[in-house]
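Structure first, commentary second.
The values are calculated or read from the model by the stated rules, or taken from the named source; none is laboratory data. Keep in mind that this is a model prediction, so the values were computed, not measured. Note that we place each Cβ from the backbone using ideal geometry, even for glycine, and neighbour counts take in every protein chain shown. Accessible surface is based on the protein model in full, side chains and every heavy atom, while ligands, DNA and RNA are left aside. Shrake-Rupley method; radii C 1.70, N 1.55, O 1.52, S 1.80 Å.
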Amino acid sequence: MQTNYKNNAELEYWKKRFLAEGNSFQNSWYKKHMLDMVRADEAFFENKIIADFGCGPRGSLEWIDNSKMNIGIDVNVGLYADNFKDKFLDKNMFYIQSTEHTIPLQSEYVDILFTMNALDHVDNLYEMSLELIRILKPEGTFAAYFNLEEPVSACEPQCLTEELLETVLLSKLDVIEYKTAIVPPAPNTRYDALHNSGFEAYTKGREGVLWILATKK
């Protein structure tokens, strides 16, 4: 019952975004943010399997046109397909539906794994963190963005902290870069806070943002 409530709350959020964006989903900013996250240019993706965990219906990976495969992973793939079929399925991506316990991909399959503001949406944080590690190839790239100390909600049952993320996920990775900042006051600037100077440093006890670039041990 709790999972159904959460999934329906997620769907209602995306329905509102869909209407607000003219019966479509805007996604032009993903290219810049994702290239920033991996500290590379587009050649980095050539002939690799790319995945985005918690991708939503926007088509976050459709701009990557030189990879072997672009995979969107989300627990609500079926709901998005039913409600946004014409604007969801016609993307340069292959979508798979995760459960709250398992990602249905073989182990060590993905070369580059993104996740952006998604891990706080899962019901089972420890299990899904292990699944992210499982599907990533040894020495594969992990690029992630997390909201820190954000209050729980219907869509986001996890309140993430640096210590919690270290325990369930980061200790299993070789972290290359690690950046934090407080949540910026202006809307739609959370990603900018991690990639540009001039934003206030994060301090524990406040809502923040964390970005990491890592590889699998």
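Against the condition under 19 Å from I176 (Cβ atoms), modelled with pLDDT of 95 or more and in contact with an Asp or Glu (Cβ under 6 Å, 6 or more places away or on another chain), how does F114 come out, does it pass? Yes; evaluated as a whole, the condition is true for this residue. Selection over the range 24-72 of residues that are of a type in the set (S, T, Y) and surrounded by 15 or more Cβ atoms within 10 Å (Cβ to Cβ) gives a count of 3.
Of all residues in the range 48-87, those that are within 21 Å of M34 (Cα to Cα) and either assigned to a loop (DSSP other than H, G, I, E, B) or touching a residue at least 60 places away in the same chain (Cβ under 8 Å) (or both) total 21.
Each row is one residue, and each column tells you yes or no for (1) of a type outside the set (S, T, N, Q); (2) in contact with an Asp or Glu (Cβ under 6 Å, 6 or more places away or on another chain); (3) at pLDDT below 95.
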| position | (1), (2), (3) |
| --- | --- |
| E46 | yes, no, no |
| G56 | yes, no, no |
| D74 | yes, no, no |
| F88 | yes, no, yes |
| T102 | no, no, no |
| S107 | no, no, no |
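Mind counting the residues in the range 129-154 that are open to solvent by less than 10 Å² (accessible area, probe 1.4 Å), assigned to a helix (DSSP H, G or I) and in contact (Cβ under 8 Å) with a residue 60 or more places away in the chain? The number of residues fulfilling the criteria is 2.
Being more than 24 Å from V75 (Cα to Cα), in a strand (DSSP E or B) and modelled with pLDDT under 95 is the requirement here; does Y178 meet it? The answer is yes for Y178. Taking the range 73-83 as the range and being open to solvent by 50 Å² or more (accessible area, probe 1.4 Å) and of a type in the set (D, E) as the test, only D82 passes. Based on what the data block shows, is I103 touching a residue at least 40 places away in the same chain (Cβ under 8 Å), buried (at least 17 other Cβ atoms within 10 Å of the Cβ) and in contact with a strand residue (DSSP E or B) (Cβ under 9 Å, 6 or more places away or on another chain)? Spelling it out, I103 is indeed touching a residue at least 40 places away in the same chain (Cβ under 8 Å), buried (at least 17 other Cβ atoms within 10 Å of the Cβ) and in contact with a strand residue (DSSP E or B) (Cβ under 9 Å, 6 or more places away or on another chain).
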